[in-house]
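The values are calculated or read from the model by the stated rules, or taken from the named source; none is laboratory data. Everything numeric here is computed off the predicted structure, so don't read it as measured data. Counting neighbours? That spans all protein chains shown, and the Cβs are built from the backbone with ideal geometry, glycine included. Accessible surface is based on the protein model in full, side chains and every heavy atom, while ligands, DNA and RNA are left aside. Shrake-Rupley method; radii C 1.70, N 1.55, O 1.52, S 1.80 Å.
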Amino acid sequence: MQYNDQANDAPLPSYRILVASSEAHPLVKTGGLGDVASSLPYALRDLGHDARLILPAYPGAKKLIREMRLVTELRMPGAIGPVQVLSGLLPDRDLPLYLVDAPAYFCREGNPYTDVSGRDWGDNPERFLLFSRVIALLAMGLPTLDWRPDVLHCNDWQTGLAPALIRDLPERPTTVFTIHNLAYQGLFDRGTFDRLGLPGALWSLSGIEFHHRMSFIKGGIVFSDRVNTVSPRYAGEVRTQRFGCGLDGLLRQLGGRFSGILNGIDYDTWNPATDLALPQNYDAEHVHLKAENKLELQTLFHLPRDEQVFVLGYVGRLVEQKGVDLIIDILPRLLETGRVQLVMQGSGERGLEQALEAAASAHSDRVSVYVGYDEARAHLIEAGSDAFLMPSRFEPCGLNQMYSLRYGTVPVVHKTGGLADTVIDADDGALADGTANGFLFDDPTADALWWALERTLRMHRERPDQWRQIILSGMRADLSWQASARRYIGFYGEAIASHEGLSAAVGA
Ligand code: ADP
Ligand code: GLC
């Protein structure tokens, strides 16, 4: 650890941090983890810390990184084919990164987790064990690399075994683990555990066994010095049976070792004033210019161009978590309501994709759906819609509602997780004190969503001044990574103190 000398202030520690993730924008991204994995380390660097990223060398990642170099070829007993560590920089910013280049595991078409038809790769346990083993090696220091982290920061189940693998090594770095979504745990059968050749001691209730299966995520939760999730509210929710996905008891046991830190959003990528994906840039002082984006959005989605029509937007994975079925349920009521269009983009469960496509073809002048993944379109939906729907049944943090706030697009969201932590309902009190920035509903039901939407449409129609106030309050909120990155620094500090305490106790 080094120290930054700051005039008039106590010296601030400067940490070396290795952030491990299975995806990172713009190299490879399937959801919010990809956004966080590149913007958090960058924000940490901005605060004077030496944060670096490690991820698998998917073909797209290798193609995009800058200044690629070979760090070392590793000897990994049992691994198929060569395993190399490469270094380089992200394409769009000076963030150092390491790629685990093991072609037998990561060089394939499809996304990090599934093949092109959406089926999980059958060897995911092998793939992410290999990734975790290399993370562990790098965390302990590679002979050819003059850099070792003070803190290893793992994210989600794909990296969960890394803290477990180094747990007993005396010189190990401090470990922290972030849960981005407790619903994805990396669960596999006992046969897989045996096949992977993991230390037998890990197969226990205080290890990675979970109801007779092996759990990657438990590795991260049980063996890290500190654990967090991505919003304070979700940190409370997952301690309950309703949201805990079977791990609520374990998370309750962690007590003060477990907390919630809200994500930020990347202010360079998501800025309506400079966004290159928009035909018309705008800011809080020029919100009227936003309408130009609505017209472009309508054109792109083959809807009638009309500035007066109220456009509702949705971008996200089409899965049960996101409450997309609730949107489908309220469609008849929405269609009865005159001047509203619905624009949706996402991919996921085939049944939901088909239901949405059917609705779009039955009401092609009102509903338009793009099944697929497209960054530029996502930006235009954020800018061109009047309101943004997120009826998620649970939402650890959620980034889209924050993008919406920044883009002056009013979020209509279920009061859960990070949605509840970022959206302030336009009730009388919040309207009076000027803090209202969206609309919340309490239960994940179609009726509750419809109730919130009716309030939204009524406010837009009948109280244009207040509507404008709601938009501005969202656009002026500070959603940047600055504050969140500072919280992570405090969190690392606590983890280091607890690890040092532990080492001292063991050494005593
Ligand atoms: P989650 O991580 O659960 O999917 P988040 O709201 O945290 O949800 O993040 C989702 C991220 O993925 C956002 O950046 C969103 O814009 C992006 N995204 C999701 N689906 C699509 C899509 N079909 N096209 C473009 N971007 C998408
Ligand atoms: C997960 C969550 C989402 C969160 C994202 C980034 O995918 O579902 O709520 O915003 O991770 O932390």
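Protein heavy-atom accessible surface, 1.4 Å probe, per residue over the stretch 284-478: 39 Å².
Under the rule a/c < 1.5 gives rounded, and otherwise a/b versus b/c splits prolate from oblate, where does the stretch 459-505 land using the Cα gyration tensor? All intermediate terms of the calculation are to be shown ahead of the outcome.
Values: a/c = 10.46, a/b = 5.04, b/c = 2.08.
Prolate.
Leaving out ligands, DNA and RNA, what percent of the accessible area of the chain is carbon and sulfur, probe 1.4 Å?
For the chain, the apolar C and S fraction of the accessible surface comes to 51 percent.
How much of Lys62 can a 1.4 Å solvent probe reach, expressed as accessible area in Å² and rounded to 10? Its heavy atoms expose roughly 70 Å² to the probe.
Give the peptides 175-181, 195-201, 473-479, 212-218 in descending order of average Cβ contacts within 10 Å, highest first. Don't skip to the end; give the middle numbers.
Values: 175-181: 25.3, 195-201: 12.9, 473-479: 18.1, 212-218: 21.6.
Averaged packing, sorted descending, gives the order 175-181, 212-218, 473-479, 195-201.
Each peptide in 248-254, 436-442 gets a packing score, the mean of other Cβ atoms within 10 Å over its residues, and the list from highest to lowest is 436-442, 248-254.
Let me check against my output: what whole-number percent is the relative contact order of the stretch 284-478, with C-alpha pairs under 8 Å and at least 6 apart? Across the stretch 284-478, relative contact order equals 21 percent.
Share of antiparallel DSSP beta bridges in the chain, in percent to the nearest 5?
30
Straight-line cross-link partners of Lys63 among the aspartates and glutamates, defined as a Cα under 14 Å from its Cα and at least 8 positions apart when in the same chain: Asp92, Asp101, Glu109. Per residue, the accessible area of the stretch 36-149 comes to 43 Å², computed with a 1.4 Å probe over protein heavy atoms only.
Pairs Lys322/Lys415; Lys29/Lys290; Lys29/Lys322; Lys29/Lys62: which are spaced more than 21 Å apart, C-alpha to C-alpha? In this structure, Lys29/Lys290 lie more than 21 Å apart at Cα.
What separates the Cα centres of the stretch 392-436 and the stretch 139-168 is a distance of 36 Å. Mean residue ellipticity at 222 nm, helices only, the chain: -11500 deg cm²/dmol; runs of at least 4 DSSP H residues each add -39,500 (n - 2.57), and the sum is divided by the number of residues.
In the complete set of protein chains, residue-level accessible area for Arg317 is approximately 70 Å², probe 1.4 angstrom. Roughly speaking, what is the centre-to-centre gap between the stretch 203-223 and the stretch 290-321 when only Cα atoms are used, to the nearest Å? The stretch 203-223 and the stretch 290-321 have Cα centres spaced 44 Å from each other.
Restricting to Cα atoms and excluding each atom paired with itself, what does the Kirkwood estimate give for the chain in Å? Intermediate values should be presented prior to the final figure.
On the way: mean 1/r = 0.0419 Å⁻¹.
Result for the chain, one decimal place: 23.9 Å.
Let me have the relative contact order for the chain, percent, based on Cα pairs under 8 Å that are six or more residues apart. The partial results should precede the final answer.
Numbers: 995 pairs, mean separation 57.8, N = 508.
Here the relative contact order equals 11 percent.
Both the radius of gyration and Dmax for the stretch 284-478 are 15.1, 44 Å, in that order, over alpha-carbon atoms.
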